[in-house]
Amino acid sequence: MVLVAALAAGCAGITVKRVDPGKRMESFDRSALSSSRPSERTIAFLKQRDLEDYWKSDPLGLITMLDAQYRDDPSGDTLFALMEICRLEAERNKAVPEDAAVRHLSCALYAYLYLLNLKDNPQGNLYHPYSRLAAQFYNTSLARYLLYARESGLRYEHGRKLRLLVGQIELDRRHSELSWNPEEFAGFKLAYEYEVGGLETYNVNPGLGVPMALIRKQQERDTARPEDKFLPTIEQTYAATAFLRIKPEPEGGNTFTADFELYDPMKTDSIRLGDVSVPLEIDLTTPLAYMIANAPSPQGITGLMDPEATAPQQGLYMLQPYQPDKIPVIFVHGLMSSPRTWLNMLNGLMGDPVLRRRYQFWFFKYPTGNPVLYSAATLRDSIAQVRTAFDPEGRDAQFNKMVIVSHSMGGLLTKTMVQSSGTHLWDMFSDVGITDMDITPDERAFLSRLFFFEPQPAVSRVVFIATPHRGAGMAVGTIGRIGRALVTLPATLVKSTAGVFAHLANKRSPHASQALHSLDSLPTGIDSLAPSNPVLKYLVETEIQVPYHSIIGNDRVAKPGGTDGVVPYTSSHLDGAASELVVHSGHNAQEHPLAIREVRRILLEHLGEASGSGGKTVAGGQ
């Protein structure tokens with residue numbers, strides 16, 4: 001009876017109680033990252049060793065003791081407890097930044113050592129819940145330490161010693177795969193510091209490391225260095241991932257050596273950790289958003305009304321310095337717009353690791369108030385300038401696989417990159433050969449740039465989005481007339497053509513008179529969109545000599561027909577396209593998620609064809 005009573009007394013305190021399943025599941029997910037208490041695993045570790053009271057009364061003493069135990073008998077359980085306790089101590093000491101930083105760095109060390117043994121760990125998988133927690137401890141604690149370093153002015157220096165709760169870390173080598181030297185950057189922001197708005201998707205790849213935005217010191221665009229010449233004049237921001245690679249065996253007892261590494265996520269998305277390949281933590285969206293949010297306002301309206309004011313900024317711009325192993329993709333914006341119109345498209349495409357590795361993204365900026373043929377000549381010149389700067393002998397095979405993605409008016413410029421004018425375009429305006437005209441050499445050179453062009457050898461595929469191949473009615477309506485009246489063409493452009501128009505008016509043929517009658521003065525960018533524009537009519541009937549694709553908006557239903565509110569389907573459609581997609585969208589169809597997916601599909605398809613024979617498929621235009 002005494003024995004039975006004793007057994008009954010021992011079980012009397014054990015009960016079960018119904019609770020909300022969600023709350024119970026939260027306790028399983030609890031860790032020092034989300035609570036003021038450690039995880040169930042660490043609590044069990046402390047209780048099994050009768051260390052819970054020691055932790056509460058002397059946490060630093062407990063850390064020192066557990067560190068010594070780990071040195072004598074390496075154990076994943078010990079490391080897991082160490083990183084959690086260090087993290088809790090960092091939060092408790094956040095009022096003293098230096099003390100908190102030491103604890104964060106200690107947490108990062110123990111988390112790193114835990115992850116380094118993934119292969120030998122029974123749960124040796126980065127996606128195991130404990131490993132994922134350790135990766136989060138490493139990333140967030142290293143991020144906190146980097147913030148402390150930024151605020152305190154602490155920079156990398158070979159041999160610099162960083163204090164730990166037990167021992168120290170001595171910095172050894174610095175490795176960077178970025179295109180610029182670390183000294184060329186003015187500072188950094190952590191991706192964790194910002195929440196992005198205004199972009200449809202968030203390109204984040206979970207893994208190891210701290211994603212950041214590196215801010216490069218602003219450079220003048222007219223520098224002698226080719227790598228600077230084609231970069232934006234705004235403050236340039238580059239995505240990077242920081243990683244502290246710690247050698248697991250300390251030297252002299254308590255000194256760990258570590259390499260500080262910076263990775264370019266446009267090149268690398270995984271690294272080796274011991275014998276295991278692990279993904280890098282990548283955030284491409286936040287650096288892009290930070291750069292644009294801190295850039296001057298776009299000048300789309302100014303570029304329409306006063307092209308001369310924005311002329312110094314026209315040309316090709318690259319997000320990264322030229323990369324000969326990647327295929328260029330050029331984005332060409334439309335009327336009264338700017339390269340910003342492509343941000344959602346760019347953000348969406350960069351989310352694909354294959355596209356990141358195989359393509360480099362460029363933008364063409366131009367004043368849209370200028371005539372289309374004039375802007376098209378500027379685009380041709382810009383491509384030639386890049387060729388001269390980076391591939392003067394034409395040996396870069398990737399350069400010759402170039403793709404142009406265009407929107408609205410930008411499609412008209414793009415089309416002349418893959419068409420031959422012959423003499424036919426000139427013959428529409430004059431029965432006198434350009435070499436026989438009584439004009440100055442400068443006027444002759446100017447006209448030749450506009451009226452005579454051949455397919456660009458580098459361009460092997462084009463994409464038209466909401467392009468008015470046959471014009472848009474708004475160009476001849478009230479809006480068009482008002483806009484045309486407000487456009488002030490550059491003085492140099494007007495001066496270069498005044499004598500030419502006078503000469504043509506005196507010597508035009510009966511065939512040319514109708515074309516000249518419609519162009520009794522130099523056309524603006526708006527005039528270039530008029531359905532009656534003879535240049536537009538010529539271009540739509542001329543063969544496009546590479547594969548081309550159409551993406552068209554319909555503001556009522558995603559079916560052929562209708563209009564996007566600016567350009568009707570009958571104007572955007574081209575027979576002979578390799579593909580045509582109609583999306584339920586207004587004129588800004590380039591921002592539609594299905595349009596972005598379609599461009600992604602086209603670029604992936606292009607990789608398959610580009611890696612084949614290298615020949616160009618000729619598709620007939622209407």
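The values are calculated or read from the model by the stated rules, or taken from the named source; none is laboratory data. No experiment lies behind these values; they were computed from the predicted model shown. Heads up, the Cβs are rebuilt from the backbone with ideal geometry, glycines too, and the neighbour counts pull from every protein chain shown.
A few comments on the model shown:
- Residue list for segment 230-252, filter: of a type in the set (S, T, N, Q) and either in contact with a helix residue (DSSP H, G or I) (Cβ under 8 Å, 6 or more places away or on another chain) or within 18 Å of Ala293 (Cα to Cα) (or both): Thr233, Gln236, Thr237
- Residue satisfying condition, being buried (at least 21 other Cβ atoms within 10 Å of the Cβ), in the same structural domain as Thr414 (by TED's automatic domain parsing) and of a type outside the set (Gly, Ala, Ser), within set His592, His573, His584: His592
- For segment 13-21, the condition holds for no residue, the condition being that it is surrounded by 10 or more Cβ atoms within 10 Å (Cβ to Cβ) and either at pLDDT 95 or above or of a type in the set (S, T, N, Q) (or both).
- Residue satisfying all of: in segment 84-108; aliphatic (A, V, I, L, M) and under 15 Å from Gly167 (Cα atoms); surrounded by the most Cβ atoms within 10 Å (Cβ to Cβ) among these: Ala108
- Of the residues making up segment 30-39, none is part of a helix (DSSP H, G or I) and either surrounded by 10 or more Cβ atoms within 10 Å (Cβ to Cβ) or modelled with pLDDT under 95 (or both).
- Flag for Leu190 being farther than 16 Å from Thr241 by Cα and touching a residue at least 12 places away in the same chain (Cβ under 8 Å): no
- Test: residue in segment 136-148 that is over 21 Å from Leu82 (Cα atoms), in contact with a strand residue (DSSP E or B) (Cβ under 8 Å, 6 or more places away or on another chain) and modelled with pLDDT under 95: no
- Summed over segment 169-186, residues that are in a strand (DSSP E or B) and of a type outside the set (Gly, Ala, Ser) total 8.
- Within segment 232-245, considering residues that are buried (at least 20 other Cβ atoms within 10 Å of the Cβ) and in contact with a strand residue (DSSP E or B) (Cβ under 6 Å, 6 or more places away or on another chain), the one farthest from Glu177 (Cα to Cα): Gln236
- Flag if Lys247 is under 14 Å from the mean Cα position of the chain (by Cα) and among the basic types (Lys, Arg): no
- Here the condition is being in the same structural domain as Pro328 (by TED's automatic domain parsing), part of a loop (DSSP other than H, G, I, E, B) and modelled with pLDDT of 75 or more; of Arg461, Arg470, it holds for Arg470 alone.
- All conditions but one from (1) assigned to a helix (DSSP H, G or I); (2) closer than 20 Å to Gly209 by Cβ apply to Glu151; the one that does not is (2).
- Taking segment 323-390 and the helices (runs of 4 or more DSSP H) fully enclosed by it, no element has 3 or more residues that are surrounded by fewer than 20 Cβ atoms within 10 Å (Cβ to Cβ) and of a type in the set (Lys, Arg).
- Subset of segment 137-175 [of a type in the set (Gly, Ala, Ser) and either more than 22 Å from Thr286 (Cα to Cα) or crowded, with 17+ Cβ neighbours inside 10 Å (or both)]: Ser141, Ala143, Ser152, Gly153, Gly159, Gly167
Residue by residue, here is whether (1) farther than 30 Å from Thr64 by Cβ; (2) not assigned by TED's automatic domain parsing to the domain that holds Leu262 holds:
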| site | (1), (2) |
| --- | --- |
| Glu157 | no, yes |
| Asp172 | no, no |
| Leu178 | yes, no |
| Gly198 | yes, no |
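- Unique residue being assigned by TED's automatic domain parsing to the domain that holds Leu113, modelled with pLDDT of 95 or more, surrounded by fewer than 19 Cβ atoms within 10 Å (Cβ to Cβ) and not hydrophobic (A, V, I, L, M, F, W, C) when the list is Asp58, Asp72, Asp77, Asp53: Asp58
- Candidates Pro211, Pro265, Pro287, filtered to the one that is surrounded by 21 or more Cβ atoms within 10 Å (Cβ to Cβ), part of a helix (DSSP H, G or I) and modelled with pLDDT of 90 or more: Pro287
- Some residue of segment 395-416 being surrounded by fewer than 17 Cβ atoms within 10 Å (Cβ to Cβ), farther than 24 Å from Gly553 by Cβ and in contact with a Leu (Cβ under 9 Å, 6 or more places away or on another chain): no
- Pairs, first aromatic (Phe, Trp, Tyr) in segment 416-441, second not in a helix (DSSP H, G or I), C-beta under 9 Å, six or more apart: Trp426/Gly433; Trp426/Phe452; Phe429/Arg508; Phe429/Leu519
- Scan of segment 387-417 for residues that are modelled with pLDDT under 95 and of a type in the set (Val, Ile, Thr), ordered by number: Thr388
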